[in-house]
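Below is one structure, written out as structure tokens; comments come after it.
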Amino acid sequence: MTYINLLKIFILSIAIVFSSIVAANIGRDVEKENKKKILKEIVTTGFEKIDPNYEDWNIKHYIEVDEYLQFITPFEQGNKLANYSFRQEQVMQLLKKALAKTDVHLKLEFEGSRRLKPVLIGILGTEPEVIENRNDAIIHHYKIILTDDNNNILGETEISVTINESKNIKQAYLRTEQELLEYLESRNSFPMPLFEKMDNLGTFSAKSTYLSGNFVWIYKNVMIVVEMSMMEGISLQIAHAFQQELENQVESEIN
């Protein structure tokens with residue numbers, strides 16, 4: 001009788017373990033499919049045509065990268081709140097306002113603007129193809145200069161602000177996410193983790209692990225890139241002040 005009872009317990013334990021494994025696998029499959037759906041929307045948005053093989057390769061690639069950068073969940077959460085988009089003149093005014101609130105002498109110099117161009121895409125080993133990308137984004141390049149009381153230059157930071165003014169707010173968000181992934185890709189961060197996730201800045205933010213002071217973040221339809229920084233601490237201070245101004249603007253207009 002004892003043997004039979006032990007056998008029943010053993011079989012029941014095996015059944016529970018097996019059920020848990022099956023449930024976990026199903027959960028992972030559902031999560032992976034959800035990630036694919038989110039990435040497909042990002043990868044294909046704005047393109048008139050796209051190579052299906054490239055699309056499939058890119059989605060698998062980004063799912064692997066998400067293991068260490070963890071950007072898909074913030075993207076999904078941000079897209080569910082596609083309720084506001086910034087205009088170019090707004091963002092520039094808010095950047096200047098953020099600089100004015102710092103307790104150091106900062107000067108903003110305009111370097112120029114450019115509209116995003118069609119991009120070259122292609123799987124490794126194939127000839128890249130120019131794919132027309134209808135993107136309503138303009139990149140503004142600035143230099144932020146730190147000076148002392150005598151106007152002597154103590155340090156400087158290059159900052160690029162990309163604003164997508166697509167009439168469709170959801171599309172503007174998706175294209176901004178697309179631009180962020182392409183930026184990280186262009187900086188040779190994939191598949192090697194040369195960027196790491198940052199916290200408490202925008203919808204998603206990442207910093208370089210090999211170039212001190214270089215970081216990037218997105219918030220709604222805006223992407224901000226900080227590069228060539230000689231003043232990392234101050235750059236982060238500016239970034240958080242700028243983010244606060246962006247958030248305040250949204251809150252004041254929505255509420």
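Against the definition (open to solvent by 100 Å² or more (accessible area, probe 1.4 Å), modelled with pLDDT under 80 and closer than 25 Å to Q171 by Cβ), how does E33 come out, yes or no? First the steps, then the outcome.
Values: open to solvent by 100 Å² or more (accessible area, probe 1.4 Å): yes; modelled with pLDDT under 80: no; closer than 25 Å to Q171 by Cβ: yes.
When the stated conditions are applied, E33 does not pass them.
Scanning the range 37-57 for residues that are open to solvent by less than 80 Å² (accessible area, probe 1.4 Å) and not in a helix (DSSP H, G or I) turns up T45, G46, F47, I50, D51.
Candidates in the range 72-99 are the residues that are over 23 Å from S235 (Cβ atoms) and charged (D, E, K, R); of these, the one that is most open to solvent (accessible area, probe 1.4 Å) is K80.
Residue by residue, here is whether (1) in contact with a strand residue (DSSP E or B) (Cβ under 7 Å, 6 or more places away or on another chain); (2) in contact (Cβ under 8 Å) with a residue 60 or more places away in the chain; (3) open to solvent by 50 Å² or more (accessible area, probe 1.4 Å); (4) in a strand (DSSP E or B) holds:
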site: I144; (1), (2), (3), (4): yes, yes, no, yes
site: T176; (1), (2), (3), (4): yes, no, no, no
site: L181; (1), (2), (3), (4): no, yes, no, no
site: E185; (1), (2), (3), (4): no, no, yes, no
site: N200; (1), (2), (3), (4): no, no, yes, no
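Only a single item in (1) assigned to a helix (DSSP H, G or I); (2) open to solvent by 90 Å² or more (accessible area, probe 1.4 Å); (3) of a type outside the set (K, R); (4) modelled with pLDDT of 75 or more is not met by E111, and it is number (1). Scoring L181 on the criteria (1) under 19 Å from Y142 (Cα atoms); (2) aliphatic (A, V, I, L, M); (3) touching a helix residue (DSSP H, G or I) at 6+ places or on another chain (Cβ under 8 Å) leaves a single failure, condition (1). Listed by first and then second residue, the pairs linking a residue in the range 217-228 that is more than 17 Å from Q77 (Cβ to Cβ) and without any contact (Cβ under 8 Å) to a residue 24 or more places away in the chain to a residue that is among the charged types (D, E, K, R) and in a strand (DSSP E or B), with Cβ atoms under 6 Å apart and 6 or more places separating them unless they lie on different chains, form an empty list.
The residues in the range 208-233 that are touching a Leu at 6+ places or on another chain (Cβ under 6 Å) and either buried (at least 19 other Cβ atoms within 10 Å of the Cβ) or in a strand (DSSP E or B) (or both) can be counted, and the count is 5.
Sort through I138, I123, I163 and tell me the only one that's assigned to a strand (DSSP E or B), outside the structural domain of H61 (by the TED database), at pLDDT below 85 and in contact with a helix residue (DSSP H, G or I) (Cβ under 8 Å, 6 or more places away or on another chain).
Answer to the check: I138.
The values are calculated or read from the model by the stated rules, or taken from the named source; none is laboratory data. Keep in mind the model is a prediction, meaning the values are calculated, not measured. Note that each Cβ is placed from the backbone with ideal geometry, even for glycine, and that neighbours are counted across all protein chains shown. Only protein heavy atoms, including side chains, enter the accessible area calculation; ligands, DNA and RNA are left aside. Shrake-Rupley method; radii C 1.70, N 1.55, O 1.52, S 1.80 Å.
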